[in-house]
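Presented below is the structure to which this report refers.
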Amino acid sequence: MGEWLEKRMDDIAEFNPRESIKKGAIAKKIAMDKLQPFCRDVSRFEMEPFSGGTKFRNGDILMARITPCLENGKTARVDVLDEDEVGFGSTEYIVLRAKERNDPDFTYYLVTSSLVREPAIKSMVGSSGRQRIQTDVLQKLKVKVPDLKSQQAIAGILKSLDDKIAANRRVNENLEEQVSLLYVAQFEEFIPHDGVHPSSWKQGILADIASITSGKRPPMKSADRTDVATIPLVGAASVMGFTSDFNHKDKILVTGRVGTHGVVQRFNSPCWTSDNTLVITSDFYEYVYQVLQRIDYHSLNRGSTQPLITQGDMNKVVVLIPDAESLHNFESTAGQLMELYEVNLSENRRLAELRDTLLPRLMSGELDVSDLDL
């Protein structure tokens, strides 16, 4: 293996590179809630007029600089922009761009490793709950890195795992679209010959076909990946981090109670749903999942400074309730498709565990990659 040289982080990556977007121009915005814990790829973006924030290009690294987002693993590599396109996002990002003779993928994995994460977390200053990384400390941080060929070999191993995770996500997006189209065909576009739904179909409320409860405050602080905590801590729009206990192990749907609304999450394994969430269970899981994605959540909001959706208001949402046979037929067909979805989710969890096991050993040079063919 080639020699590993000690370098400062600002020798490896450019910090907050200068980019320009005209004020008011419509551009892709990547908000903090679009970054998933310990996930390389950006899940979603919005088109919004630019009014301020960090700016970046494809290949740049977005590193959350504020607590608890950094501790929860919110660091991603931008891949949703076109060539020469500039996007923008939260002012709470540090943007890093690999410098010449440094592999961009290796630089991303270096930033996500404990070699950089732990000193960054320790450098945080500020009032409780609003602590931020000291950027200059991160810039001066010294780490050992190998030559470019070894960087590419190391990154190639980790990238192959993340690429498979990304491929599984794309398959799952397709599966979700198929089920959505099936729902539309059977329940939204279905018009019988007499122009009315069967008499066995009725208008009801969500509480008729689902049980809705509120999540609870987690029993402990969300954990860093070096902790024993591995159970997802579920927030209003995404997994916020990890904890060591669970309040659900059944098949549930989760949407926001406080703050961000409209995102519906699926869980079929132990998790802790936070007090910012509403938890929905139903014998007609797939049908209710489709219903939840079509609710006008903004119309249910109470309050302006901190939007809130109450459990009672969700219970009263008006829904179409088809006959039992139609519901069971949909559950059967949709359930078969979403079983593949669950298989992909399980595989992604295993791939992520393997990646996270290899990451510290590869980035420290413990595993020799000198014999690998690129």
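Computed from the coordinates by the stated procedures, all read-outs in this text should not be read as laboratory data. Source: prediction; values computed, not measured. Here Cβ is always computed from backbone atoms with ideal geometry, including for glycine, and neighbour counts include all displayed protein chains.
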Fill in the blank from the handout: Partner lysines whose C-alpha sits under 16 Å from that of Lys202, ignoring same-chain residues fewer than 8 away, are Lys316
Handout entry: Lys144 paired with Glu339, simple spin-label distance in nm, labels 7 Å along Cα-to-beta-carbon
Key = 5.1
Problem - Under 5 Å, built H, 5+ apart or other chain: amide partners of His248 - result: Cys271, Thr273
Handout entry: Rounded if a/c under 1.5, otherwise prolate or oblate - the stretch 230-271, Cα gyration tensor axes
Key = oblate
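At 222 nm, what value in deg cm²/dmol follows for the chain if DSSP H runs of at least 4 each add -39500 (n - 2.57) and the sum is divided by all its residues, to the nearest 500? List each step's numbers first, then the result.
Values: 8 runs with 117 residues, N = 374.
Value at 222 nm, helices only, nearest 500: -10000 deg cm²/dmol.
Report the FRET efficiency, 1/(1 + (r/R0)^6), for Val184 and Lys122, where r is their Cβ-Cβ distance and R0 is 56 Å, rounded to 0.05. Numbers along the way, then the final one.
Details: r = 51 Å, r/R0 = 0.92.
The formula returns an efficiency of 0.65 here.
Taking a ≥ b ≥ c as the square roots of the Cα gyration tensor eigenvalues, with a/c under 1.5 meaning rounded and otherwise prolate when a/b beats b/c, else oblate, which class fits the stretch 297-374? Provide the component values of the computation, followed by the final result.
Details: a/c = 5.59, a/b = 1.83, b/c = 3.06.
Because a/c hits 1.5 or more and a/b fails to exceed b/c, the stretch 297-374 counts as oblate.
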Practice task
For the chain, with a Gaussian network of springs between Cα atoms less than 10 Å apart, report the residue from Ile280, Ile21, Ile121 with the top mean-square fluctuation.
Solution key: Ile21
Handout entry: Ratio Rg/Rh [Cα only; Rh per Kirkwood] for the stretch 1-135
Key = 0.97
Exercise for the section: May I ask which of Lys74/Lys216; Lys23/Lys159; Lys7/Lys29; Lys29/Lys149; Lys7/Lys164 have a Cα-Cα span longer than 28 Å here? Expected result: Lys23/Lys159; Lys7/Lys29; Lys29/Lys149; Lys7/Lys164
Problem - Extent along principal axes [Cα atoms of the chain; Å; largest to smallest] - result: 77, 47, 43
Completion exercise
Distance in Å, no decimals, from the C-alpha centre of the stretch 145-166 to the one of the stretch 22-58 is 25
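Once you order the gyration tensor axes a ≥ b ≥ c over the Cα atoms, which shape class does the stretch 41-111 get: rounded for a/c under 1.5, otherwise prolate or oblate by comparing a/b with b/c? Display every interim value, and only then the final one.
Numbers: a/c = 1.78, a/b = 1.10, b/c = 1.61.
Oblate is the answer for the stretch 41-111, as a/c is 1.5 or above yet b/c matches or exceeds a/b.
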Handout entry: Label point 7 Å beyond Cα of Asp368 along Cβ direction - residues of the stretch 1-37 with amide nitrogen under 16 Å
Key = 1-4
Handout entry: Contact order relative to length of the chain, as percent, for alpha carbon pairs under 8 angstrom and 6 or more apart
Key = 17
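Ordered by packing density, taken as the mean number of other Cβ atoms within 10 Å over each peptide's residues, highest first, how do 328-341, 87-100 rank? Kindly include the intermediate steps, with their values, before the conclusion.
Working: 328-341: 15.6, 87-100: 20.1.
With the highest mean Cβ count within 10 Å placed first, the list reads 87-100, 328-341.
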Practice task
Compute the convex hull volume of the Cα atoms of the stretch 229-360, divide it by the residue count, and report the result per residue in Å³ as a whole number.
Solution key: 117
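If I take every Cα pair under 8 Å that is 6 or more residues apart in the stretch 1-144, average their sequence separation and divide by the length, what percent do I get for the relative contact order?
Details: 281 pairs, mean separation 43.5, N = 144.
After rounding, I find 30 percent.
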